[in-house]
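Asker: I'd like to ask some things about the structure below.
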């Protein structure tokens, strides 16, 4: 499928058709990673957002268990 960039404010935008998003199992809140490689061009890939709440819960658990160790390492 060929697409053209369109003007969007002071930027350019690539419009992704709703049918394409649905076929990929994505919605308008999808998160995309854009990678620019001089040899390949631009690659756009959908990514799943991290579960920040689960990360913070796990981080607090690790700090509670190993906080003194991290403190000693930071003081070196």
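Asker: Would you pick out the residues in the range 44-76 that are loosely packed, with under 10 Cβ neighbours inside 10 Å and within 30 Å of residue 27 (Cβ to Cβ)?
Answerer: Listed by number, the residues that qualify are 45, 47, 48, 49, 50, 52, 53, 54.
Asker: Name the strands (runs of 3 or more DSSP E) wholly inside the chain in which the number of residues that are free of Cβ contacts under 8 Å to residues at least 24 places away in the same chain and in contact with a helix residue (DSSP H, G or I) (Cβ under 9 Å, 6 or more places away or on another chain) is 2 or more. Show your work before the answer.
Answerer: Working: elements: 5-8, 11-14, 31-37, 41-47.
Fully inside the chain and qualifying: nothing.
Asker: Return yes when residue 40 is in contact with a strand residue (DSSP E or B) (Cβ under 7 Å, 6 or more places away or on another chain) and loosely packed, with under 10 Cβ neighbours inside 10 Å and no when it is not. Break it down into steps so the answer makes sense when it comes.
Answerer: Values: in contact with a strand residue (DSSP E or B) (Cβ under 7 Å, 6 or more places away or on another chain): no; loosely packed, with under 10 Cβ neighbours inside 10 Å: yes.
No; evaluated as a whole, the condition is false for this residue.
Values in this text are rule-based calculations from the coordinates and carry no lab data. Here the structure is a predicted model, which is why all the values come from computation and not from measurement. Because the Cβ atoms are built from the backbone with ideal geometry, glycine has one as well, and the counts that use them run over all protein chains shown.
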